[in-house]
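Comments concern the structure below.
The values are calculated or read from the model by the stated rules, or taken from the named source; none is laboratory data. Quantities reported herein were computed from a predicted structural model and do not represent experimental measurements. Note that we place each Cβ from the backbone using ideal geometry, even for glycine, and neighbour counts take in every protein chain shown. All accessible areas refer to the heavy atoms of the entire protein, side chains included, with ligands and DNA or RNA removed. Shrake-Rupley method; radii C 1.70, N 1.55, O 1.52, S 1.80 Å.
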Amino acid sequence: MTFSPWPPELAERYRVQGLWTGETFDDVLRARAGDPDIASRIAVVDIDRRLTYAELHQRVDRLAAGLHCLGLRPGDRVLLQIPNRVAYVETVFALFRARLLPVFGLPAHREAELVGIARSAEAAAIVAPGVHEGFDHRALAETVAAQVDSVRHLIDVDDLETLFADPVDHGRADPSGLAFLQLSGGSTGVPKLIPRTHDDYLYSVRRSNEVCGVTDATVYMATLPVAHNFPMSSPGILGAMYAGGTIALTASPTPSVAWELVERERVTMTGLVPPLARLWTETAERGATFDISSLETVQVGGARCPDELARRIGPALGVRLQQVFGMAEGLVCYTRLDDPLQEVCTTQGAPMSDQDELRLVDEDGDPVTSGPGFLETQGPYTIRGYWKGAGADSFAPDGWYRTGDVVEFIDRGNLIVRGRGGDRVNRGGEKVSAEQLEEQLLTHPGVRDAIVVAVADAYLGERTCAYVIPENPDDPPNLAGIRRFVREGGLAEWKLPDTVKVVEQFPETGVGKVSRKKLRAILAG
Ligand code: OOB
C-alpha cells in the first residue's frame, strides 16, 4: 500500500456532503480552457512570459504527449525542482494530464535531500533548470540520477518544447487516487512524502477560495517557492486557476523584484512568511517604490507572525491581513475576512472546514480540556499516513494526525499557536529537522555528540543552535567549519546551524539514558 486511505465511513460522508466531488486536476484545466468566458484570459504570467488558459491547455497537451513518448507511464513519479516561472505550471499540469505524479522538491534542496526524496519516491525522472541563480541544477540532477537507479530521465525545464509531441489520450485519473507527493516540513532525518489525492486536495482548494474570497478577478502571486503547500493551495496558484483568475510568479520575493510584477499585473493577493512580511512592511513604511495599490489581501503563515508585526502589515501595505496556519499534511486554518482586526492580528485563525476535527492532548496523549495542548486532527483533506507507511508515530492509533504544534483555542474558535515540541526549528517558515541535522553533525570527525535546538530570533522567529561535544576538547570544531561540513554533506542552505556551542557534556538527569528529545528540551530551556 503506497498510501493510507480514509476509513470508508469518513470517505462516504465526505462524498455525500459534496466535499469530495470526483473532479481531477486535469478536469479543472480542461474545464477552464473549454469555457469561452475564460479561455482567452491570462492563466499564468511571469516577468518574461504569459499564457492564456487556451494556450496553457494546448501546451500541456503537447508536453504530456512528449512525456509519454519518453516512456513515462501513469503512476510514475517525477521529481520537480523548478523555480517560480510559467514553466512550473506547464510542467505540473502536463504531469497531471499524463497521469504522472509530481513530487514537489524545492529549488533550495541539495544532494542529500534530493537523493533521499528520489529514492523514497522511486522517481522515474527529474525536471530541473540548467544553471539557476549561479547554481548548476543540471549537475545536481546528474549526481542524484547516478545514485538512484529508478531515475531514467533528466528533463531541462528551460527546454520543454523539445519534448513536445502530438497529443495522445492518457485516460482519466481516478479522483480518489494519488495526485502528487508533497514534502513534509520534517521532524526526522528520513524524508517523508505526503500522498495527496485529487478529491482531498481539490476540496481544500475550493474551500480555501470560499474562505479567502478568490474569484475570476483574483490575480494571485506566488512569492514563496511555489512548490510549497502554502502558495500552491492556500488558496495559492491552484485556487486562482480553479476560479479562472490569474497566477503570477515572481522569481524573487524581495520588494525590488516582486513589486514590479505586482504593479504590472495588478496583483490582488499573495502569501508571505513573517520575515518577508517584515521586509515588505518596512520597505513600504520607508516610502513606496512601486504602485502596489492593487493588492487587497496579504496572507502571512508558515511560522508564527508576531502580533506587533501583524498590526503594521495592513496599514503599511494598504491591504487586509489574513493569518494562515497550515501544514502540507492537510489542516489549514485561516483568520476570516470579517474577523475583528484584533483577532486577525493576534490569532492564527480557525480551521477552514466545519468537517475538520481538532483535539488537544498532553505529552502522554491524554485529553487537555483547557489551556494549550498538542494539536491532533483529522478531516477531509488531512492525510492518514505518509507515503509507504513512513513516520507512523506521527499518527494516533485512531488515525488522527499529530501535528506536533502546541496551540490554544480562544473564545470565538480561533486558535493561537504557542510553539511545538523540540523536534524541529522553524526558521521563518523554513523547517529544520533537529534529528536530520544531528545525524549530519554526528558524521563530522571532530564531533562526538550533537543536539540541535531552536533559539529565539527577532527576525526569523527561531534559529538553530547546535550543542556539540567535541572528539578532542583541545581542538573543537568551529561554526564556519561545521557549516561548510553540513553544506558539503548536501543539505539545503537554510539547514546550516546558525550557532554552535561547544560543551563538555550534556546535562544528565537522574538515572538511565536521557532521550535526545528530553535533552533538546533541557538545552532549549
Ligand atoms: C506550512 O506547511 P509546512 O508543512 O511547511 O509546515 C507546517 C508547520 C506547522 O505544523 C507549524 O509548526 C508551522 O509550520 N506553521 C505555523 C504557522 N503556519 C505553519 N506556526 C505558527 N504560525 C503559523 N501561522 O507552513 C503551511 C502550509 C499551508 C499553509 C500555510 C503554511
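Summary of values
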read-out	value
Checklist (1) surrounded by 19 or more Cβ atoms within 10 Å (Cβ to Cβ); (2) free of Cβ contacts under 8 Å to residues at least 24 places away in the same chain; (3) assigned to a helix (DSSP H, G or I) applied to Q436, failing item	(2)
Any hit, the range 280-296, residues being touching a residue at least 24 places away in the same chain (Cβ under 8 Å), under 29 Å from V406 (Cα atoms) and near the ligand (Cβ under 10 Å from one of its atoms)	no
Per-region count, the range 402-433, residues out of contact with any Ser or Thr (no Cβ under 6 Å at 6 or more places or on another chain), free of Cβ contacts under 8 Å to residues at least 60 places away in the same chain and basic (K, R)	2
Any hit, the range 219-229, residues being more than 16 Å from the ligand (Cβ to nearest atom) and open to solvent by 10 Å² or more (accessible area, probe 1.4 Å)	yes
Residue satisfying condition, being open to solvent by 20 Å² or more (accessible area, probe 1.4 Å), at pLDDT 95 or above and within 13 Å of the ligand (Cβ to nearest atom), within set P351, P315	P351
The one condition in (1) outside any loop (DSSP other than H, G, I, E, B); (2) in contact (Cβ under 8 Å) with a residue 24 or more places away in the chain; (3) out of contact with any strand residue (DSSP E or B) (no Cβ under 6 Å at 6 or more places or on another chain) that A54 fails to fulfil	(2)
Candidate set: the range 116-132, residues that are in contact (Cβ under 8 Å) with a residue 24 or more places away in the chain and open to solvent by 10 Å² or more (accessible area, probe 1.4 Å); chosen: the one nearest to V486 (Cα to Cα)	G116
Residue in the range 318-348 that is surrounded by the most Cβ atoms within 10 Å (Cβ to Cβ), counting only those that are within 16 Å of the ligand (Cβ to nearest atom) and among the polar types (S, T, N, Q)	T335
Looking only at the range 165-206, and only at residues there that are over 18 Å from L100 (Cα atoms) and in contact with a Phe, Trp or Tyr (Cβ under 8 Å, 6 or more places away or on another chain), the one that is most open to solvent (accessible area, probe 1.4 Å)	R206
Selection within the range 471-485 - touching a residue at least 24 places away in the same chain (Cβ under 8 Å) and in contact with a strand residue (DSSP E or B) (Cβ under 6 Å, 6 or more places away or on another chain)	E471, P476, I482
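Residue by residue, here is whether (1) more than 12 Å from the ligand (Cβ to nearest atom); (2) at pLDDT below 95; (3) among the acidic types (D, E); (4) within 27 Å of G489 (Cβ to Cβ) holds:
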residue	(1), (2), (3), (4)
L360	yes, no, no, no
G371	yes, yes, no, no
G391	yes, yes, no, yes
Y401	no, no, no, no
I416	no, no, no, no
L441	yes, no, no, yes
H444	yes, no, no, yes
